[in-house]
Amino acid sequence: LTAEQVALSDFDLFWECYPRPRNRLDARKAWDQVAVHRPPIEQMIAACQRLAAECPDLQYCPYPATWLRRGGFLDE
């Protein structure tokens, strides 16, 4: 992580890497709701990168709140 990224919260880092950032307030609420299940931020970023590779057409990429609530970060 860069010095600039260290200053950001984990949610902000997630938000920056998520391929289809929409509905930030709902995503933040979902982020807090899944806190007990979330892996470390490095694994969340890797999961976002996998999602981006799987969803070249962003129209079919879920909104972040939906992805979080469904546990998309747990998908291999």
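The values are calculated or read from the model by the stated rules, or taken from the named source; none is laboratory data. Please read all numbers here as calculations on a predicted model, not as lab measurements. Backbone-built Cβ (ideal geometry, glycine too); neighbour counts: all protein chains shown. We work out accessible area using only protein heavy atoms, side chains counted, and drop any ligands, DNA or RNA first. Shrake-Rupley method; radii C 1.70, N 1.55, O 1.52, S 1.80 Å.
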In whole percent, the fraction of accessible protein surface over the chain that belongs to carbon or sulfur atoms, probe radius 1.4 Å, stands at 50 percent
What are the ³J(HN,Hα) values, in whole Hz, obtained from phi via the Karplus relation 6.51 cos²θ - 1.76 cosθ + 1.60 with θ = phi - 60°, for each residue of segment 48-60 in sequence order, with x given for Gly and Pro?
-> 5, 5, 5, 4, 4, 5, 7, 10, x, 9, 4, 4, 9
Sparsely packed trypsin sites (Lys or Arg not before Pro) within segment 1-72, loop by DSSP, other Cβ within 10 Å at most 14 | ARG22, ARG70
How big is the charge dipole of the chain about its Cα centre, in debye rounded to the nearest 20, if each Lys and Arg gets +1 on its Cβ and each Asp and Glu gets -1 on its Cβ?
-> 320 debye
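For segment 4-76, what does the relative contact order come out to in percent, with C-alpha contacts under 8 Å and a separation of six or more? Spell out each step's value before the answer.
On the way: 65 pairs, mean separation 31.5, N = 73.
Computed over segment 4-76, the figure is 43 percent.
Assuming 0.890 mPa s and 25 °C, estimate D for the chain with Stokes-Einstein, Rh taken as the Kirkwood radius over Cα pairs, in µm²/s.
For these conditions, the coefficient is 197 µm²/s.
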Hey, what's segment 19-76 come to in accessible area per residue, 1.4 Å probe, Å²?
-> 65 Å²
